[in-house]
Amino acid sequence: CEPVLAAIPHRDRVTQIAALSDKIERRFGMRPSGAWLTERVWESSVVTSLVATGIRYVAVDDYHFLCAGESQERLDSFFSTDEDGRRLDLFPISEGARYRLPFSPAHEVIGYLENLADQGHAAAIYFDDIEKFGIWPETYDWVYNRGWLAAFIEGVLASPKIEARTYAEFHRTQPTRGIIY
C-alpha cells in the first residue's frame with residue numbers, strides 16, 4: 001500500500017499506517033517511529049493520523065520548507081509542527097541529494113556530501129523510493145552492473161567527513177530547528 005494520506009479520510013489513514021507498521025514490526029522486530037509520505041505530498045491534516053499511530057517524524061520535500069520561508073542553509077535538520085495539539089517532526093529531503101542519487105557518478109556524490117560537511121551542515125537528508133535503484137529504464141545496469149551502488153557505499157564508508165546515520169539516531173540526538181507550518 002502506498003496511499004497519498006492527504007487524499008483519504010483520517011480513519012483510513014490510521015488503518016493503512018497501522019497495518020504497514022504491524023507488518024514491519026512482525027518482519028523486523030521493531031515498530032517504525034518515522035515515515036516517508038508517498039510522493040512526498042504534505043498536508044497538515046495528516047499530522048493527527050500519523051501521531052495517532054506512533055509516528056514521530058516524517059520526511060518531506062525541502063520545497064515545502066522553502067515555501068514556508070525557511071532558508072536552504074537551515075534545511076540540514078528537522079523541524080517541528082503541530083495540529084490539534086499533536087506534535088510531529090519534519091525532515092526536509094534535500095533536492096540536491098535526491099537529484100544526484102543515483103544519477104551522478106558516485107565520486108561526485110561523495111564530493112557533494114563532503115562539501116556540505118565542510119560548510120558545517122549537520123546533515124544531508126535523503127529519502128526516496130526504490131524505483132531509481134533499478135526499476136527505471138537503464139538504472140539497473142548503472143546502479144548494479146556498472147557498480148554505482150558499490151562505489152557509493154565504499155565512498156561513504158571511506159570518507160572521514162561523512163557519517164551515515166538513521167533518521168531515528170539523528171532524531172534522538174539532535175534538537176529541532178524550531179516550529180514550522
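The values are calculated or read from the model by the stated rules, or taken from the named source; none is laboratory data. The shown structure was predicted, so the numbers you read here are calculated from the model rather than taken from an experiment. Using ideal geometry, Cβ is built from the backbone for each residue, glycine included, and neighbour counts are taken over all protein chains shown. For the accessible areas, the whole protein counts, side chains as well, though only heavy atoms, and no ligand, DNA or RNA atoms are used. Shrake-Rupley method; radii C 1.70, N 1.55, O 1.52, S 1.80 Å.
Most simply put, the chain has about 35% antiparallel DSSP beta bridges, counting only bridges with both residues inside it.
A straight chain from LEU66 to TYR144 at 0.36 nm per residue would run longer than the Cα-Cα distance by 24.7 nm. One quarter of the surface of the convex hull around the alpha-carbon atoms of the chain equals 11.1 nm², the direction-averaged projected area. Spacing of the modelled spin labels on ALA52 and THR38, each 7 Å from Cα toward Cβ, amounts to 1.7 nm. Across the accessible surface of the chain, with the other protein chains kept in place and a 1.4 Å probe, carbon and sulfur atoms take up 53 percent.
Measuring with a 1.4 angstrom probe and ignoring ligands and nucleic acids, PHE103 comes out at about 90 Å² accessible. On a per residue basis, region 26-104 carries 47 Å² of accessible surface, using protein heavy atoms and a 1.4 Å probe.
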